[in-house]
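Coordinate-derived values only; no laboratory data. Everything numeric in this text was worked out from a predicted model, so none of it was measured. All Cβ positions, even for glycine, are placed from backbone atoms using ideal geometry, and neighbour counts span all protein chains on display.
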Amino acid sequence: MSRRALISGAAGFLGSHLVDRLLQDGWHVVGVDNLSSGRLLNLKGARERPEFRFLRADLRRPVRLPSADVIFHLASPASPPQYQMDPIGTLEVNGFGTSQLLANARRDSSRFVLASTSEVYGDPQVHPQPEEYWGHVNPIGLRSCYDEGKRFAEALATAWHRQRGVDVRIARIFNTYGPRMALDDGRVISTFLGQGWKGDPITVQGRGRQTRSFCYVDDLVDGLVRIAEVPPIDGPVNLGDPRGELSVLRLAQLVREMTGGRSQIVFVPRPPDDSEQRRPNIRRARRLLHWAPTTSLPQGLQRTANAVARELQERGLGRGRTNPSRKTPRRKGIR
Ligand code: UDP
């Protein structure tokens with residue numbers, strides 16, 4: 001009999017890719033989303049499948065949910081402009097929402113996979129970040145609703161495991177990119193690609209020396225599936241691509257090249273509490289999940305650039321175009 005998954009945040013960027021992957025692997029999937037930041041368009045393919053059911057619901061209120069073998073809890077605004085628009089809602093979905101799904105997991109003896117984040121490390125003073133690092137988080141800063149929301153969700157999940165025996169797995173997800181990122185959610189890769197294809201200025205915040213490590217979405221989703229499938233594990237596991245660390249300015253230059261070179265790079269103010277650097281230590285993921293990302297940044301970026309160009313064309317915006325004859329830029333010299 002096929003396995004059943006319940007995915008909260010199913011209409012979001014990561015959630016919808018996870019839905020597609022599980023359907024492809026033969027699972028039955030129920031996707032839950034309140035569509036506050038997710039888009040039904042992301043589930044277009046999935047909704048044509050009889051093995052998929054979509055439930056529009058807001059997990060900040062009590063909801064009756066069907067049982068599942070695995071619950072993947074991804075519901076939360078995840079880009080800085082989105083969570084800063086609704087800090088209370090962000091804390092609530094990570095607090096009450098998580099609590100509610102953990103109760104369901106206990107009721108139905110489901111495995112519970114929490115989508116946590118590298119933001120639990122805050123502006124890290126240890127680099128790269130291993131899971132043992134406790135982080136450097138401003139509890140009242142602009143990002144605190146997300147950082148502390150996810151830290152609370154991790155604490156809750158761990159408490160339900162210790163006190164009530166729920167089989168909990170925590171994935172700390174680092175910056176991830178790929179097709180279906182919302183163009184207007186303020187994340188750096190989607191913003192830069194949109195600007196590049198439109199020939200608009202590419203807005204580098206600060207001097208662009210801050211770094212991030214970017215993981216391609218298919219790799220990340222593979223990590224999430226593996227974390228659900230291995231025997232019970234203790235403690236969180238980082239999922240991200242340590243090979244992809246680069247400065248924001250270098251990223252802007254790459255995107256500029258990849259989108260036809262018409263954009264200027266401009267420097268704009270940097271928001272407070274923006275992390276200086278971020279790179280996962282993925283030793284635990286390698287050991288426990290036998291997982292490591294395989295898609296290179298140039299490959300993944302080119303696929304994402306093509307997807308953004310298609311979306312802009314469909315919306316009749318900008319001069320975005322894909323150029324299949326264009327070779328993927330070589331990785332050399334990216335850092
Ligand atoms: N960033 C930028 N220009 C933009 C959006 C973001 O320079 O238009 C920078 C931002 O300052 C941060 C990095 O890109 O240092 C990553 O930002 P994002 O919002 O994608 O994710 P974060 O890692 O901050 O959650």
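Can you tell me the relative contact order of the stretch 136-214? Whole percent, Cα pairs under 8 Å, sequence separation 6 or more. Please list the in-between numbers first.
Working: 33 pairs, mean separation 14.9, N = 79.
Reported relative contact order: 19 percent.
Find, to one decimal place in angstroms, the Kirkwood hydrodynamic radius of the stretch 1-157, where the mean of 1/r is taken over every pair of different Cα atoms and then inverted.
Working: mean 1/r = 0.0625 Å⁻¹.
Mean inverse Cα-Cα distance, inverted, gives 16.0 Å.
Relative contact order of the chain, please, whole-number percent, based on alpha carbon pairs below 8 angstrom and at least 6 residues apart.
Computed value for the chain: 16 percent relative contact order.
Using a Gaussian network model of the chain with C-alpha springs under 10 Å, which one of 234, 20, 200 is most mobile by mean-square fluctuation?
In this elastic network of the chain, the residue with the biggest mean-square fluctuation among 234, 20, 200 is 234.
Could you order peptides 246-255, 134-143 by the average number of other Cβ atoms within 10 Å of their residues, highest first? Kindly include the intermediate steps, with their values, before the conclusion.
Values: 246-255: 19.6, 134-143: 14.2.
For the peptides 246-255, 134-143, the packing ranking is 246-255, 134-143.
Pairing the Cα long axis of helix 13-24 with the longest principal axis of the chain, what angle in degrees results, from 0 to 90 and rounded to the nearest 10?
With both axes taken from Cα atoms, the answer is about 60 degrees.
Taking N as the number of residues in the stretch 69-186, what value does Rg over Cα atoms divided by 2.2 N^0.38 Å take? Write out the running numbers ahead of the final one.
Values: Rg = 14.4 Å, N = 118, 2.2 N^0.38 = 13.5 Å.
Computed over Cα atoms of the stretch 69-186, the ratio equals 1.07.
Would you mind checking the tilt of helix 98-108 against the longest principal axis of the Cα atoms of the chain, expressed as 0 to 90 degrees and rounded to 10?
The helix 98-108 is inclined about 50 degrees to the chain.
Search the structure for amide H atoms under 5 Å from the amide H of residue 175, placed 1.01 Å from N in the peptide plane, and list their residues when 5 or more places away or on another chain.
213
As a footprinting exposure proxy, order 218, 147 by other Cβ within 10 Å, with the fewest listed first. All intermediate terms of the calculation are to be shown ahead of the outcome.
On the way: 218 18, 147 25.
Ascending Cβ contact count within 10 Å gives the list 218, 147.
Please report the base-10 log of the normalised intensity I(q)/I(0) for the stretch 62-134, using a Debye sum with one equal scatterer per alpha carbon and no solvent, at each q in 0.16, 0.19, 0.27 (1/Å).
Debye intensities relative to I(0), on a log10 scale: -0.71, -0.89, -1.16.
With everything on Cα atoms, drop me the angle between helix 188-198 and the longest principal axis of the chain, reported from 0 to 90° to the nearest 10.
40
Hull surface divided by four, with the convex hull built on the Cα atoms of the stretch 249-319: how many nm²?
Details: hull surface 29.5 nm².
Over all viewing directions, the stretch 249-319 projects a mean Cα-hull area of 7.4 nm².
Averaged over all directions, how much area does the convex hull of the C-alpha atoms of the chain cover when projected, in nm²?
Working: hull surface 65.2 nm².
Value for the chain: 16.3 nm².
Quick one: Cα convex hull volume of the stretch 210-291, Å³ per residue? Numbers along the way, then the final one.
Numbers: hull volume 9.1 nm³, N = 82.
Given the Cα convex hull of the stretch 210-291, per-residue volume reads 111 Å³.
Hey, what do the phi angles of the stretch 274-289 turn into as Karplus ³J(HN,Hα) couplings, whole Hz, using 6.51/-1.76/1.60 and θ = phi - 60°, x for Gly and Pro?
Each residue of the stretch 274-289 in turn: 6, 5, 6, 8, 7, 7, x, 8, 10, 4, 5, 5, 4, 6, 7, 10 Hz.
Mean residue ellipticity at 222 nm from the helices of the chain, using -39,500 (n - 2.57) per DSSP H segment of n ≥ 4 over the full residue count, to the nearest 500 deg cm²/dmol? Walk me through the numbers before you get to the answer.
On the way: 9 runs with 109 residues, N = 335.
It comes out at -10000 deg cm²/dmol, rounded to the nearest 500.
Quick one: dipole size for the chain, taken about the Cα centre, charges +1 on Lys/Arg Cβ and -1 on Asp/Glu Cβ, in debye to the nearest 20.
Values: 51 positive and 34 negative charges, 195 e Å.
With only Lys, Arg, Asp and Glu charged at Cβ, the dipole is about 940 debye.
Just how far, in whole angstrom, is the stretch 203-223 from the stretch 261-323 if you go by their alpha carbon centroids?
What the calculation gives is 6 Å, centre to centre.
No solvent, one uniform scatterer per C-alpha: report log10 I(q)/I(0) for the stretch 116-175 via the Debye equation at q = 0.18, 0.22 1/Å, two decimals.
Scattering profile of the stretch 116-175, log10 relative to I(0): -0.64, -0.88.
For the stretch 144-232, compute Rg over Rh where Rg is the Cα radius of gyration and Rh is the Kirkwood radius from the inverse mean 1/r over Cα pairs.
On the way: Rg = 17.4 Å, Rh = 16.0 Å.
For the stretch 144-232, the value is 1.09.
Kindly work out what percent of the DSSP beta bridges joining two residues of the chain are antiparallel, to the nearest 5.
Details: 3 of 39 bridges.
Roughly 10 percent of the beta bridges in the chain run antiparallel, per DSSP.
Sort 8-17, 307-316 by packing, meaning the average of other beta carbons within 10 Å per residue, with the highest value first.
8-17, 307-316
How high is the relative contact order of the stretch 88-234, in percent, with contacts defined as C-alpha pairs under 8 Å that are six or more residues apart?
27
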